[in-house]
Amino acid sequence: MGASSILPDLGTEILIPVCAVIGIAFSLVQWILVSRVKLSPGRDSGAPGNNGAAGKNGYADYLIEEEEGLNDHNVVVKCAEIQNAISEGATSFLFTEYQYVGIFMVAFAILIFLFLGSIEGFSMKSQPCTYDLSRMCKPALATAAFSTLSFLLGAVTSVVSGFLGMKIATYANARTTLEARKGVGKAFITAFRSGAVMGFLLAANGLLVLYIAINVFKLYYGDDWGGLFEAITGYGLGGSSMALFGRVGGGIYTKAADVGADLVGKVERNIPEDDPRNPAVIADNVGDNVGDIAGMGSDLFGSYAESSCAALVVASISSFGMNHELTPMLYPLIISSVGIIVCLITTLFATDFFEIKAVDEIEPSLKRQLIISTVLMTIGIGVVSWIALPPSFTIFNFGDQKLVKNWQLFLCVAVGLWAGLIIGFVTEYYTSNAYSPVQDVADSCRTGAATNVIFGLALGYKSCIIPIFAIAISIFVSFSFAAMYGIAVAALGMLSTIATGLAIDAYGPISDNAGGIAEMAGMSHRIRERTDALDAAGNTTAAIGKGFAIGSAALVSLALFGAFVSRAAISTVDVLTPKVFIGLLVGAMLPYWFSAMTMKSVGSAALKMVEEVRRQFNTIPGLMEGTSKPDYATCVKISTDASIKEMIPPGALVMLTPLIVGIFFGVETLSGVLAGSLVSGVQIAISASNTGGAWDNAKKYIEAGASDHARALGPKGSDPHKAAVIGDTIGDPLKDTSGPSLNILIKLMAVESLVFAPFFATHGGLLFKIF
């Protein structure tokens with residue numbers, strides 16, 4: 001065991017923060033590039049001699065705009081107005097949401113402190129270590145205080161990630177619309193760059209805050225690494241609990257508006273999707289930013305924080321932690337820092353090395369992003385595993401130490417990374433309208449909405465098969481090589497290219513908004529076609545992003561489960577004991593209960609929205625003729641109130657279940673609940689988000705009319721198109737509310753159980769103690 005890693009500890013201490021700072025700097029550069037698109041109508045914008053750009057392409061741009069008849073100030077002013085309305089709506093909603101969530105955060109922090117502090121009766125004396133009784137460790141009270149602190153840190157970082165993402169998206173949406181006048185390539189680059197801003201800010205922030213927290217905590221803990229990394233798990237809990245409320249609240253908001261706008265606008269009144277006459281249209285576009293962007297950002301940040309925490313906890317009780325080898329101990333963080341650099345190179349491929357000229361190059365370009373980042377990252381992981389790990393070491397495996405070699409750990413990370421790519425591609429195959437599954441769903445619309453629904457559900461269930469095998473294989477490989485630590489780093493491998501994943505994911509809602517703004521500003525048909533093409537590709541990338549989030553959630557949750565079982569001192573989880581089996585049954589039921597709550601919330605909020613939109617169409621004179629303006633604010637208020645009120649019950653279900661089960665039934669039953677919810681949650685999450693994505697793109701396929709088959713099915717307003725709209729409306733809450741929130745349910749219950757494990761192990765199982 002004497003051999004140490006090639007990379008010295010000082011190198012690690014420099015490498016991690018430097019990579020994080022590079023990531024933040026890169027996102028600022030991208031932001032500056034996006035902000036060059038002006039939203040204020042300049043003196044003949046684009047005329048020769050303006051800003052000295054005439055020599056290169058100013059004059060040509062000017063001619064194009066003349067020809068489109070769009071060089072009037074009105075369009076630019078209108079775009080700026082609409083963008084302003086969307087931005088204000090999103091900001092005010094997030095502030096309202098964060099006020100409620102803030103109260104919860106403080107209450108939960110106090111709960112963590114009281115529960116964990118009470119283990120040793122709030123004593124300040126050192127305790128024998130959990131895993132090595134011969135040494136003395138810091139008191140439980142210290143771990144309680146530091147866990148609370150890291151919980152708050154994670155929560156704040158998560159909220160900030162979501163908020164910044166939303167700010168950037170609402171800043172970029174109108175700029176994408178204006179760039180679409182110059183061609184699809186320019187608009188694509190603007191949308192993609194703003195997605196990259198969010199991706200890199202989030203990845204780098206998450207890494208930097210975690211790294212600083214570890215170093216600050218170390219000042220107190222010194223050599224007690226077991227206690228140090230146990231306290232750090234609070235960071236993952238904070239990140240995910242905020243993500244839960246962001247995802248559920250944002251998801252209810254966006255879908256209430258979307259369903260309401262679609263049902264009255266498209267189906268009853270026969271007006272196009274983002275028509276400015278539709279009162280719910282601003283709420284719909286605000287929703288894209290608070291649900292898909294702020295929610296998704298917090299969600300992936302939570303996954304990232306938790307997989308890092310799970311890996312660190314297991315490592316701290318393995319040879320890395322016992323021998324105090326800093327570089328191999330921080331291996332999970334080094335992977336993430338290399339990931340930032342890899343994603344930076346990958347992003348340049350989309351924005352600088354290849355230019356997009358035609359509509360059909362958009363999806364291949366986004367797919368290229370995934371492939372390039374995965375291939376480069378594989379090389380990166382290989383190098384990191386070679387220099388940051390000793391040639392052989394031992395990993396804690398349920399009570400004993402398992403001998404592992406560095407190439408085995410490389411394979412664990414790589415198998416997670418490639419499983420992520422496979423899940424991404426399978427998701428794309430099932431949700432993109434370039435392939436037969438979605439075209440079959442669109443074809444079934446000829447016989448009405450019922451067949452559309454049947455085909456869509458079948459597609460969703462079928463799309464689970466390959467991702468589940470991919471997850472299963474990566475679990476088997478990584479567990480065989482490196483026990484629970486292997487699974488934790490496999491999850492990190494899947495999330496190592498998080499910056500690119502988030503960039504292509506945030507790109508979707510931004511281009512969706514850009515299309516909405518083009519329609520509302522009354523731009524020409526050609527521009528709307530370009531933004532529609534961007535948006536259809538964005539639907540697929542959003543589905544791919546959800547696939548990644550679900551796949552990584554499954555691995556993260558399993559890794560956390562392993563850490564929980566080790567910490568709660570359970571040697572084996574035996575399915576045949578009644579305590580565990582009842583836990584499995586109840587755990588498998590929880591995702592259904594949770595989905596029922598979120599779907600019903602969307603339904604009842606949409607009902608209110610539909611009534612309000614109908615009321616406005618019936619009572620405001622001249623609304624259909626376009627002579628008077630609808631009252632957008634009331635619709636925004638309906639969505640806001642509904643989502644704030646409705647996000648609390650599902651959130652409480654997820655947060656309270658582990659506490660109630662752990663306190664009353666003990667750790668064995670809780671381990672059953674965690675396993676059950678993981679197994680059933682993953683299936684529902686994958687099928688729900690793919691069904692919804694497929695219905696949405698089947699509708700887009702009919703609307704775009706790009707092939708003879710699609711043209712046979714309709715123009716907009718034909719019967720097959722109306723059937724497709726109904727499918728899309730049913731799919732909305734599936735793909736944007738319950739599906740994506742389920743992966744948070746899986747992770748959050750596991751990380752919460754891990755944080756409270758010391759308490760449950762000493763004081764849990766009250767009911768079984770009485771009998």
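The values are calculated or read from the model by the stated rules, or taken from the named source; none is laboratory data. Fair warning: this is a prediction, and the values are worked out from it, not measured in the lab. As a convention, Cβ positions derive from the backbone with ideal geometry for all residues, glycine included, and neighbour counts pool all protein chains shown. Please note that ligands, DNA and RNA were not included when accessible areas were found on the heavy atoms of the full protein model with its side chains. Shrake-Rupley method; radii C 1.70, N 1.55, O 1.52, S 1.80 Å.
Is there a pair in Lys78/Lys722; Lys255/Lys716; Lys38/Lys637; Lys255/Lys722 whose C-alpha atoms are over 26 Å apart, and which pairs would that be?
Listed pairs above 26 Å: Lys78/Lys722; Lys38/Lys637.
Rank Ala757, Thr12, Leu607 by how far each Cα sits towards the positive end of the charge dipole of the chain (+1 on Lys, Arg Cβ; -1 on Asp, Glu Cβ) and give me just the farthest.
Of the listed residues, the answer is Ala757.
Could you pull out every one of the lysines with an alpha carbon less than 16 Å from that of Lys138, ignoring same-chain neighbours closer than 8 positions?
Within the straight-line cut-off, Lys138 pairs with Lys125, Lys218.
Say each of Lys769 and Val575 gets a label point 7 Å from the Cα, pointing the same way as Cα to Cβ; how far apart are those two points in nm?
Each label point is offset 7 Å from its Cα along the Cβ direction, giving 3.1 nm.
What net charge is computed for the residues neighbouring Lys747, neighbours being all others with C-beta under 10 Å from the C-beta of Lys747, Lys and Arg scored +1, Asp and Glu -1?
Values: positive: none; negative: Asp299, Glu306, Glu752.
Counting the neighbours of Lys747, the net charge comes to -3.
Asp275: net charge of surrounding residues, Cβ under 13 Å, Lys/Arg +1, Asp/Glu -1, itself excluded?
That sum, taken over residues with Cβ under 13 Å, equals -1.
Rank by packing, highest mean first: peptides 283-290, 473-480, with packing defined as the count of other Cβ atoms within 10 Å averaged across residues.
Top to bottom by mean Cβ count within 10 Å: 283-290, 473-480.
Largest first, what is the accessible-area ranking of Arg446, Arg277 with a 1.4 Å probe?
Arg446, Arg277
What shape does the stretch 182-294 take by its C-alpha gyration tensor, where a ≥ b ≥ c are the square roots of the eigenvalues and a/c under 1.5 counts as rounded, a/b above b/c as prolate, and the rest as oblate?
It comes out oblate by the Cα gyration axes.
If packing is taken as the average count of other Cβ atoms within 10 Å, what order do 696-705, 608-617 fall into, highest mean first?
696-705, 608-617
At a probe radius of 1.4 Å, what is the per-residue accessible area of Lys735, in Å² to the nearest 10?
Spelled out: Lys735, probe radius 1.4 Å, area about 10 Å².
Tally Lys and Arg at +1 and Asp and Glu at -1 over the other residues with C-beta under 13 Å from the C-beta of Trp31: what net charge comes out?
The answer is +4.
Would you please classify the overall shape of the stretch 348-486 from the alpha carbon gyration tensor, given that a ≥ b ≥ c denote the square roots of the eigenvalues, rounded means a/c under 1.5, and beyond that prolate means a/b larger than b/c while oblate covers the rest?
On the way: a/c = 6.01, a/b = 1.65, b/c = 3.65.
Cα axes put the stretch 348-486 in the oblate bin.
Out of these labelled values of Cα Rg over 2.2 N^0.38 Å, [x] 1.04; [y] 0.94; [z] 1.31, which was calculated from the coordinates shown here?
Checking each listed value against the structure points to [y].
For Asn397, enumerate residues with amide H under 5 Å from its amide H, sequence gap 5+ or separate chain, H modeled in the peptide plane.
Lys402
Which lysines, if any, have their Cα less than 20 Å from the Cα of Lys579, not counting same-chain residues under 8 positions apart?
By straight Cα distance, Lys579 reaches Lys769.
Considering only C-alpha atoms, what is the centroid distance from the stretch 423-470 to the stretch 676-715, in Å?
6
By how many nm would the segment from Leu111 to Ile387 lengthen if fully extended, with 0.36 nm per residue of separation less the alpha-carbon distance? Walk me through the intermediate numbers first.
On the way: separation 276, 0.36 × 276 = 99.36 nm, distance 4.17 nm.
Length difference between fully extended and current span is 95.2 nm.
Label points 7 Å out from Cα along the Cβ direction at Ile345 and Ile465: separation in nm?
3.7
Expressed as a rounded percentage, what relative contact order does the chain have, with Cα pairs under 8 Å and six or more residues apart? Please list the in-between numbers first.
Numbers: 1505 pairs, mean separation 148.7, N = 771.
Relative contact order of the chain: 19 percent.
How large is the helix-only mean residue ellipticity at 222 nm for the chain, computed as the sum of -39500 (n - 2.57) over DSSP H runs with n ≥ 4, divided by its residue count, in deg cm²/dmol to the nearest 500?
Taken over the chain, the calculation gives -27000 deg cm²/dmol.
Please report the spacing between the Cα centers of the stretch 593-624 and the stretch 483-542 in Å, no decimals.
Distance between centres, Cα-based: 27 Å.
Run the simple label-point estimate for Ile6 and Ile212 please: 7 Å along Cα→C-beta, distance reported in nm.
With each label point 7 Å from Cα toward Cβ, the separation is 3.2 nm.
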